[in-house]
Amino acid sequence: MIEGNPRMTELPSLPEIMREHGVSRGVAIRAYDVLRQEGLAQPTPGARWRILRAGAQVDRRPLHERIAEVIATDGLQAGEAFPSASSLAERFGVSRPTVTKALEKLEAAGVLAGGGQGRVRTVRAVPTREERS
């Protein structure tokens, strides 16, 4: 399934595997564990399992560090609007609650300001190169 589809980037959910193959949850979990042990897939917190391809680079930095890098990547300046949690969840392939936790860390660090229910987050400070690494 994985090798036959080079465009596949994530595994189906456990319920999908159980339904499609008529197996129990325990069997599906063991199958995912075998894929992890063989280096073919890895769990992604708040998202589906990610497929690992030979030679492909995987960014293993914490999510809040990768999100902070959006400021430089998108050329954002202090005072500008920061992307929404929904757009960041899609961009990084994780759930919105996972993104929200990372954004809260960036707010606590003074990088972002003004997040919350219906409020637009803004860039408070542009991290220096040392702060991003």
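The values are calculated or read from the model by the stated rules, or taken from the named source; none is laboratory data. Just so it is clear, the model here is predicted, and its values are computed rather than measured. Just so you know, the surface numbers come from the protein's heavy atoms only, side chains and all, with ligands and any DNA or RNA stripped out. Shrake-Rupley method; radii C 1.70, N 1.55, O 1.52, S 1.80 Å.
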**OP:** Quick one: accessible surface of residue 87, probe radius 1.4 Å, all protein chains present, in square angstrom to the nearest 10.
**Re:** 50 Å²
Original post:
Between residue 95 and residue 69, what length comes free when the chain is fully extended (0.36 nm per residue of separation minus the Cα-Cα distance, one decimal in nm)?
Top reply: 7.5 nm
Subject >> Contour excess over end-to-end distance, with Cα ends at residue 42 and residue 20 and 0.36 nm allotted per residue >> reply: 5.8 nm
